[in-house]
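Participant: The structure's right below; bear with me while I get my questions together.
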Amino acid sequence: MFLALKEMSRAKVRFGLLTVALGMLVFLILFQQSLQNGLLTSFVGAIRNQTAPVLVYSVDGQRVIQGSIITPDLEQLVTTADGLGDVGRIGQGTFSVTNADGELTDTTVLGYEQPLLGAPAELAEGRYPRAAGEAVGASNDADAGFGLGDTITIEPSGYEITIVGLADDVQLNAGATLFVAYDDYVAAVQSANPDAGTPLPNVLAAAPADGVTPEQLVANINGLSDDLDALTRSDAADETPGVAQVQQSFRVIFLLYGLVIPCVTGLFFLIITFQKSGALTLLRAIGAPARRLVTSLLFQAVLIVIAGYAIGLALYTPLSQRRLGGIQLRFETTAVIVWAIILFVLGIGSSLIAARRVLRIDPIEATTGGANR
Amino acid sequence: MSTPALQMSDVRKIYSMGDNEVVALDHATLTVGTDEIVALVGPSGSGKTTLCSIAGGILSATEGSVVVGGEAISDYGDKELTTFRQNKVGFVFQSVNLVPFLNARENLLVVDELGRRQGKPARDRADRLLDELGLADRAKNLPSQLSGGQKQRVAIGRSLMNEPELVLFDEPTSSLDTELGQQVMELIRSEMKSRGTAAIVVTHDDRITEYCDRTVRITDGVLGDD
């Protein structure tokens with residue numbers, strides 16, 4: 001390691017720049033990973049983190065809750081599905097409301113008929129609604145006038161809803177979201193539009209009977225009618241229009257990072273190897289085993305990847321606790337571990353090209369001056 | 001009688017170039033005594049560097065026997081030759097001589113790092129050599145901060161770090177002016193003689209031969225004494 005460390009200490013700027021460049025790439029990767037997850041959670045967290053294992057849409061709704069309408073005929077048909085344990089209605093509406101800070105804003109209200117079929121799966125604070133006019137809000141919106149104990153007023157009717165519980169990651173469409181009892185949802189719709197009559201449910205929340213998997217129930221329901229589109233909870237979240245496109249876009253970005261990192265490290269070490277080929281040839285001529293020189297090079301690559309990752313992580317950690325607009329970022333431990341492994345493999349793997357060049361050095365070049373060419 | 005530093009017997013080196021074969025060294029036989037300094041003189045392409053490279057274990061002979069300090073290296077593979085170069089010979093090359101990112105002292109210590117790693121004795125030896133070579137105050141200078149003559153002196157120090165049986169100098173003065181070249185040759189002679197170390201000095205400059213005990217001429221790969 002003598003040679004590796006001496007070289008790095010004498011070329012601090014060169015190695016430092018590479019380390020910082022890697023650190024910036026690591027930061028961008030991790031930050032965008034958090035951004036992707038935060039973005040998707042703010043779009044479909046309400047679907048992903050609710051209690052119903054299966055959601056049944058109408059085909060016309062194209063997997064958008066608000067666009068789906070379950071007619072009484074379809075609702076009746078679903079109740080006949082084999083393997084159905086329980087079923088309940090879910091309705092969704094977007095309302096103009098005045099929040100606790102007195103600001104007029106748009107809010108999504110999700111009404112569920114049964115707590116085990118559509119309510120937030122877990123509460124971070126408070127309790128579930130017990131009476132009319134109570135709601136569970138998203139903890140992400142708590143600082144924006146939707147905190148525990150805050151009263152929200154639906155405009156222009158003045159219908160009031162008080163937040164009695166908060167749940168993490170239960171936003172829908174990246175906006176303030178409230179979970180209320182289904183009757184409250186109906187009341188909210190009717191207060192906002194007295195001529196609307198009784199709204200039809202948008203989707204049905206279903207649970208399989210004992211011994212039946214959600215996937216089996218989905219197949220059974222979809223087999224009943226071409227107008228029904230049942231999905232498991234995770235599929236309903238992943239197949240919400242826009243989610244796949246967002247994931248695909250980020251995948252392309254991550255793929256590009258996956259290409260850039262080996263190019264940066266690989267080319268760096270290849271250029272360095274060419275630049276110091278004279279010294280390497282001399283060392284081979286005076287008895288340095290090729291293996292020793294390769295170890296030295298890989299040691300440098302390992303140090304740089306570790307230091308670069310540490311810099312990236314140090315930049316990412318404080319930012320990952322923040323909120324970007326309506327999107328709550330989070331420290332993604334899995335991403336940090338997975339990307340550390342990927343970067344290590346890519347960084348070291350790309351340095352092997354330079355290592356191959358080192359292995360090819362012929363000590364005779366020290367006598368011919370070929371090493372300087 | 002002590003073992004010669006180098007015994008080459010009937011050594012041939014043939015390079016294949018396509019369908020043709022080029023004989024770089026033809027039945028070369030050379031013995032160098034334990035503290036003898038031999039000048040190897042010949043024109044460009046005569047086989048001087050090839051002979052030196054074979055004696056130093058950088059190249060393998062096609063035929064013949066090579067024994068350095070009692071160690072027969074003719075049948076050695078790459079790994080054994082690498083270890084042999086670490087321990088038994090010293091080199092001063094014409095062009096590439098110092099590791100640019102190591103200072104003068106570290107350029108000597110790198111020999112210990114590559115070999116048996118003696119630690120403090122090696123550090124003491126490096127300091128002593130630098131002192132003898134008049135470079136004690138330049139120990140921490142990088143090669144880029146040294147003059148041509150100082151660089152060659154550091155290279156001489158490095159070649160002596162492993163206490164070799166034989167030191168091979170390939171055109172050690174070619175990049176120096178006449179006066180500096182003479183100073184370096186005087187230094188080489190005094191260092192070799194004070195240690196009882198044998199040396200082969202490859203040169204095409206007849207003036208260098210004054211500093212050597214014997215001159216061997218080589219033409220078209222064939223050796224002939226003066």
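Participant: For residues in region B:39-74 being among the small types (Gly, Ala, Ser) and within 11 Å of another protein chain (Cβ to nearest Cβ), which is surrounded by the fewest Cβ atoms within 10 Å (Cβ to Cβ)?
Facilitator: B:SER60
Participant: Any residue in region A:271-293 that's more than 7 Å from every other protein chain (Cβ to nearest Cβ): show its pairings with residues that are surrounded by 19 or more Cβ atoms within 10 Å (Cβ to Cβ) and of a type outside the set (A, V, I, L, M) at Cβ separation under 6 Å, as long as the two are six or more apart or on different chains.
Facilitator: A:ARG284/A:PRO363
Participant: Let me ask another. May I ask you to verify whether A:PHE31 is within 30 Å of A:THR295 (Cβ to Cβ) and among the aromatic types (Phe, Trp, Tyr)?
Facilitator: no
Participant: Quickly run through region B:181-216 and pick out the residues that are free of Cβ contacts under 8 Å to residues at least 60 places away in the same chain and touching a Cys at 6+ places or on another chain (Cβ under 9 Å).
Facilitator: If the condition is that a residue be free of Cβ contacts under 8 Å to residues at least 60 places away in the same chain and touching a Cys at 6+ places or on another chain (Cβ under 9 Å), then B:MET185 is the only one that fits.
Participant: So, in region B:137-149, exactly how many residues are at pLDDT 90 or above and part of a helix (DSSP H, G or I)?
Facilitator: Count: 5.
Participant: Restricting the search to region B:95-104, which residues are modelled with pLDDT of 85 or more and crowded, with 21+ Cβ neighbours inside 10 Å?
Facilitator: B:LEU98, B:VAL99, B:LEU102, B:ASN103, B:ALA104
Participant: How about region A:147-218: which strands (runs of 3 or more DSSP E) wholly inside it have at least 3 residues that are in the same structural domain as A:GLU125 (by TED's automatic domain parsing), farther than 20 Å from A:SER96 by Cα and of a type in the set (Gly, Ala, Ser)? I'd like the intermediate steps shown before the answer.
Facilitator: Numbers: elements: A:151-154, A:159-167, A:176-181, A:203-208.
Correct list: A:203-208.
Participant: Can you work out which of the residues in region B:110-131 that are crowded, with 19+ Cβ neighbours inside 10 Å and facing chain A (nearest Cβ under 8 Å) is farthest from B:LYS151 (Cα to Cα)? Walk me through it before giving the result.
Facilitator: We begin by selecting, within region B:110-131, every residue crowded, with 19+ Cβ neighbours inside 10 Å; these are B:110-112, B:114, B:122, B:125-126, B:129-130.
Subsequent filtering for residues that are facing chain A (nearest Cβ under 8 Å) retains B:110-111, B:114.
Numbers: B:VAL110: 15, B:VAL111: 16, B:LEU114: 21 Å.
If we take residues in region B:110-131 being crowded, with 19+ Cβ neighbours inside 10 Å and facing chain A (nearest Cβ under 8 Å), then B:LEU114 is farthest from B:LYS151 (Cα to Cα).
Participant: Answer yes or no: is there a residue in region A:340-360 that is under 30 Å from B:PRO172 (Cβ atoms), touching a residue at least 24 places away in the same chain (Cβ under 8 Å), within 13 Å of chain B (Cβ to nearest Cβ) and buried (at least 20 other Cβ atoms within 10 Å of the Cβ).
Facilitator: No, the conditions are met nowhere in region A:340-360.
Participant: Only one residue in A:GLN76, A:GLN62 is of a type outside the set (A, V, I, L, M), surrounded by fewer than 16 Cβ atoms within 10 Å (Cβ to Cβ) and at positive phi, so which one is that?
Facilitator: Just one listed residue meets the conditions, A:GLN62.
Participant: For region A:31-50, state whether one or more residues are in a loop (DSSP other than H, G, I, E, B) and not aliphatic (A, V, I, L, M). Reasoning before the result, please.
Facilitator: At the first step, the residues of region A:31-50 found to be in a loop (DSSP other than H, G, I, E, B) are A:49.
Filter again for not aliphatic (A, V, I, L, M), leaving A:49.
Checking region A:31-50: at least one residue is in a loop (DSSP other than H, G, I, E, B) and not aliphatic (A, V, I, L, M).
Participant: Consider B:GLY134 against the criteria (1) more than 14 Å from chain A (Cβ to nearest Cβ); (2) part of a helix (DSSP H, G or I): it satisfies all of them except one. Which criterion is unmet?
Facilitator: Here B:GLY134 meets the rest and fails (2).
Participant: Take region B:76-95 and flag every residue that is over 17 Å from B:ALA5 (Cβ atoms) and either charged (D, E, K, R) or more than 8 Å from chain A (Cβ to nearest Cβ) (or both).
Facilitator: B:TYR76, B:GLY77, B:ASP78, B:LYS79, B:GLU80, B:LEU81 - these are the residues of region B:76-95 that are over 17 Å from B:ALA5 (Cβ atoms) and either charged (D, E, K, R) or more than 8 Å from chain A (Cβ to nearest Cβ) (or both).
Participant: Being surrounded by 18 or more Cβ atoms within 10 Å (Cβ to Cβ), within 14 Å of chain B (Cβ to nearest Cβ) and either in contact with a Ser or Thr (Cβ under 6 Å, 6 or more places away or on another chain) or hydroxyl-bearing (Ser, Thr, Tyr) (or both) is the filter here; which residues of region A:294-309 pass it?
Facilitator: A:SER296, the sole residue that qualifies.
Participant: On the basis of being out of contact with any helix residue (DSSP H, G or I) (no Cβ under 7 Å at 6 or more places or on another chain) and under 29 Å from B:ALA122 (Cα atoms), does B:SER144 make the cut?
Facilitator: yes
Participant: Which residue, of A:ALA335, A:ALA301, is in contact (Cβ under 8 Å) with a residue 60 or more places away in the chain, assigned by TED's automatic domain parsing to the domain that holds A:PHE27 and part of a helix (DSSP H, G or I)?
Facilitator: A:ALA335
Participant: Would you call A:THR265 on the phi < 0 side of the Ramachandran plot, among the hydroxyl-bearing types (Ser, Thr, Tyr), surrounded by 22 or more Cβ atoms within 10 Å (Cβ to Cβ) and in contact (Cβ under 8 Å) with a residue 40 or more places away in the chain? I'd like the intermediate steps shown before the answer.
Facilitator: On the way: on the phi < 0 side of the Ramachandran plot: yes; among the hydroxyl-bearing types (Ser, Thr, Tyr): yes; surrounded by 22 or more Cβ atoms within 10 Å (Cβ to Cβ): yes; in contact (Cβ under 8 Å) with a residue 40 or more places away in the chain: yes.
Spelling it out, A:THR265 is indeed on the phi < 0 side of the Ramachandran plot, among the hydroxyl-bearing types (Ser, Thr, Tyr), surrounded by 22 or more Cβ atoms within 10 Å (Cβ to Cβ) and in contact (Cβ under 8 Å) with a residue 40 or more places away in the chain.
Participant: Also, I was wondering about something else. Of all residues in region B:119-138, count the ones that are on the phi < 0 side of the Ramachandran plot and among the small types (Gly, Ala, Ser).
Facilitator: 3
Participant: Still on this structure, please answer the following. Could you list, ordered by first residue, the pairs with Cβ atoms under 6 Å in which the first is in region A:1-28 and within 14 Å of chain B (Cβ to nearest Cβ) and the second is acidic (Asp, Glu) and assigned to a helix (DSSP H, G or I), at least 6 apart or interchain?
Facilitator: A:PHE2/B:GLU113
Participant: A:SER249 versus (1) of a type in the set (Ser, Thr, Tyr); (2) within 19 Å of A:ILE353 (Cβ to Cβ); (3) away from every other protein chain (no Cβ under 14 Å): which is the lone unmet condition?
Facilitator: It fails just one condition, (2).
The values are calculated or read from the model by the stated rules, or taken from the named source; none is laboratory data. No experiment lies behind these values; they were computed from the predicted model shown. Neighbour counts are summed over all protein chains in view; Cβ atoms, including those assigned to glycine, are modelled from backbone coordinates with ideal geometry.
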